[in-house]
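*Asks:* My structure is below; once you've seen it, I'll send some questions.
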Amino acid sequence: MTELKTYTREEVSRHAAEEDIWIIIDNAVYDMSNFIDMHPGGVFPILEYAGKDATDAFYGMHRQEVLLKYNRYKIGTIEGQKEQITIRQHGDLSKVPYAEMSAFLGYKSPYYKDSHLRYQKGLRKICDELKTEAQECDSAGDRPSDEFAKKLGSYHLLAAHVGPGSWLHDVVLPGNVPGKEYDYFHDMITHQEFARWGTPGLVAGLVGGMTISLPTVLNYGKPELKARLVPLLLTGEKRMSLAITEPYTGSDVASIRTHAKKVEGGYIVNGVKKWITTGRFADYFATAVKTEKGISMLLIERQEGVETKAVKTAYSASAGTSYITFENVFVPDANLLGVEHQGFRVVLSNFNHERFMLIAQSVAAARNAVEECFKWAMQRKVFGKRLIEQPVIRNKLAKMIAGVESCQTWTENIAYQMNHMNYAQQADMLAGPIALLKYHATRMMHDVSDDACQIFGGRALTKTGMGKYIEDLQRTYKFNAILGGSEEIMADLGVRQAMKKFPADARL
Ligand code: HEM
């Protein structure tokens, strides 16, 4: 790389004509002469700063990544002046208060071990390196590419999404963490780091569909089916989705109409499914069907008779949300998941983990909004003052921070319980608290999104630029309030579970 020249401010001030225009941002000098006509904000704003320091004006209008993207226009630095503004490097923790979990910033915690800190560090770097590609794919609404999925597979991050289990025992995870050490704190970190991309649609399409469907095969599939499918899914060669909801029914699984008729050697399936995340790209569908005496779960492979079309949602189309039709599809007995007519057990079995994932994502997305709003309030000037100088803005930030930190702390408590309870104990003791926390986390997200929008104003309604994360948050946060059990059902389930444990002899 050629060494950049140094200039004095006086030298820069001599380049102040439209065809020869330099500006200063922080300690760097940019030659805008060839860019000014292409500048998306127009010629006029740049001309105003010709030959001058444009640092505050620049940061009032652009995100830092603009400077990285247009680094080619940087021609030098200001003599004797050090950088005042740090450009975040891949893997860095944010220094903005409350922008990171306190345990990563040196605060004491009873929960986190060295292995969690190493994993977070390693994973942050990988996620940062993939962030631009993830964001471009999400904005374009593209199918996440096979190369992208395979890259995650090569770091064992597809397997990590599914949660702790034997599928991780023989691998080494980011941060040099042996897969056998992977617990629900690592799992929480996985979902939170991916949520930092600010691309919930893409994350749902790339890993969400698989995270909620693959356990049906891992826990209920016959050995041959597992041996054939699991390696393909965990390396990113194939995609999978969970096909339960239908146009006629959402949470009410008992009312599904897709049916499977028993025939020699298998089943013939007919019916439709709707809102199926990853469905548009999926090779396999863990599908709830009506059989003679109840609900059964079948692993349906993409074949003739299986059609998927896009359902347009507020998510990016990268989520692969689809409408699926099954028309006389033959499914062999070998693809039955669990016991015939007892598919409910298979459907219910993964709810706690799915909800835990949604909670972790919600807290991370809200925390991201805290960082965005804090930075914006500190750098944005209106009516001659920084936004942060307005008490109403500080009050909103306080509410956001308190919401995020309280949800984070409850999530950590749940992760600790999950680490120390077997499956039966989790089902008995945690279904209620997890449901209540999901309800609480998505309500918190609702409030954070609302306050963040007010802080960012019009920029929160714009898909690119300063408010792009907030725009995405306010457009998509409702998904977590509905998927995996709606807020109302979560709240009700939490209290009903508590009622079951209410002591018969308790009185006021
Ligand atoms: C290295 C120098 C600069 C580069 C590479 C640059 C690049 C860009 C880009 C890429 C955008 C689109 C924003 C987005 O959607 O993210 C933009 C918008 C804009 N830029 Fe610049 N810019 C530079 C300097 C400046 C300066 C010095 C000003 C003076 C105030 C300025 C004023 C604006 C304005 C007003 C907009 C429109 C913002 C909006 O839509 O809200 N730019 N610029």
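The values are calculated or read from the model by the stated rules, or taken from the named source; none is laboratory data. Computed from a predicted structure; not experimentally measured. Neighbour counts are summed over all protein chains in view; Cβ atoms, including those assigned to glycine, are modelled from backbone coordinates with ideal geometry. For the accessible areas, the whole protein counts, side chains as well, though only heavy atoms, and no ligand, DNA or RNA atoms are used. Shrake-Rupley method; radii C 1.70, N 1.55, O 1.52, S 1.80 Å.
*Asks:* Filter the chymotrypsin sites (Phe, Trp or Tyr not before Pro) in segment 14-90 to those in DSSP coil with at most 15 other Cβ atoms within 10 Å of their Cβ, and list the result. Walk me through the intermediate numbers first.
*Replies:* Values: sites: 22, 30, 35, 49, 58, 59, 70, 73; in loops: 35, 49, 70.
Those satisfying the criteria are 35, 70.
*Asks:* Sticking with this structure for a sec: How much space per residue, in cubic angstrom, does the convex hull of the C-alpha atoms of segment 350-500 take up? Working shown, then result.
*Replies:* Numbers: hull volume 15.6 nm³, N = 151.
Taking the convex hull of the Cα positions in segment 350-500, it is 103 Å³ per residue.
*Asks:* Could you tell me which residue out of 139, 176, 103 lies farthest along the dipole of segment 102-198 toward its positive end? Charges go on the beta carbon: Lys and Arg +1, Asp and Glu -1, centred on the Cα centre.
*Replies:* Value computed over the given set: 103.
*Asks:* Can you give the relative contact order of the chain as a percent, counting alpha carbon pairs under 8 Å and 6+ residues apart? Mind showing how you got there, number by number?
*Replies:* Numbers: 870 pairs, mean separation 61.8, N = 508.
Over the chain, the number comes to 12 percent.
*Asks:* While we're here: Going 7 Å from the Cα of residue 313 toward and past its Cβ, which residues in segment 202-229 have a backbone nitrogen under 14 Å from where you end up?
*Replies:* Under 14 Å, as judged by backbone N against the label point of residue 313, lie 202-213 of segment 202-229.
*Asks:* Okay, next question. What is the P(r) of segment 5-78, as percent of Cα-Cα pairs per 5 Å bin from 0?
*Replies:* Once binned at 5 Å, the Cα pair distances of segment 5-78 give 3, 18, 31, 30, 15, 3.
*Asks:* Turning to a different aspect of this structure: When the Debye formula is applied to the Cα atoms of the chain, each taken as the same point scatterer, what base-10 log of I(q)/I(0) results at q = 0.09, 0.11, 0.12 Å⁻¹?
*Replies:* Values returned for q = 0.09, 0.11, 0.12 Å⁻¹ are -0.70, -0.97, -1.11.
*Asks:* Run the quick spin-label model on residue 66 and residue 151: label points 7 Å from Cα toward the beta carbon, then report their separation in nm to one decimal.
*Replies:* Distance between label points: 2.6 nm.
*Asks:* Same structure again: What is the dipole size for segment 5-78, taken about its Cα centre, with +1 at each Lys and Arg Cβ and -1 at each Asp and Glu Cβ, in debye to the nearest 20? Display every interim value, and only then the final one.
*Replies:* Working: 8 positive and 12 negative charges, 58 e Å.
Dipole of segment 5-78, to the nearest 20 debye: 280 debye.
*Asks:* Roughly speaking, what is the centre-to-centre gap between segment 40-83 and segment 424-502 when only Cα atoms are used, to the nearest Å?
*Replies:* 38 Å
*Asks:* Over segment 102-198, one equal point on each Cα, no solvent: what is log10 I(q)/I(0) by the Debye formula at q = 0.13, 0.14, 0.22 Å⁻¹?
*Replies:* Each listed q corresponds, in turn, to -0.46, -0.53, -1.15.
*Asks:* Which lysines have a Cα less than 25 Å from the Cα of residue 501, not counting those fewer than 8 places away in the same chain?
*Replies:* Here the lysines satisfying the reach criterion relative to residue 501 are 438.
*Asks:* Now a separate question. Rolling a 1.4 angstrom probe over the protein heavy atoms, how many square angstrom per residue are accessible across segment 240-347?
*Replies:* Values: 4630 Å² over 108 residues.
Here the residues of segment 240-347 average 43 Å² of exposed surface.
*Asks:* Right, something else. Given the pairs 5/69; 151/312; 125/238, which are separated by over 22 angstrom at their Cα positions? The partial results should precede the final answer.
*Replies:* Working: 5/69 20 Å; 151/312 27 Å; 125/238 25 Å.
Beyond 22 Å between Cα atoms: 151/312; 125/238.
*Asks:* Under a straight-distance cross-link criterion of Cα-Cα below 13 Å, which aspartates and glutamates are reachable from residue 500, leaving out those fewer than 8 residues away in the same chain?
*Replies:* 428, 492
*Asks:* If you roll a 1.4 angstrom probe over the protein chains with everything in place, what fraction of the accessible area of the chain belongs to carbon and sulfur, to the nearest %?
*Replies:* On the way: 13050 of 23950 Å².
About 54 percent, which is the carbon plus sulfur part of the accessible surface.
*Asks:* Additional query: Read phi for every residue in segment 304-319 and hand back ³J(HN,Hα) as whole Hz from Karplus 6.51 cos²θ - 1.76 cosθ + 1.60, θ = phi - 60°, with x for Gly and Pro.
*Replies:* Working through the residues one at a time gives 4, x, 9, 10, 10, 10, 5, 9, 7, 10, 5, 5, 5, 5, 5, 5 Hz.
*Asks:* Leaving out same-chain residues fewer than 8 places away, which lysines sit with a Cα under 23 Å from that of residue 262?
*Replies:* 222, 226, 273, 290, 293
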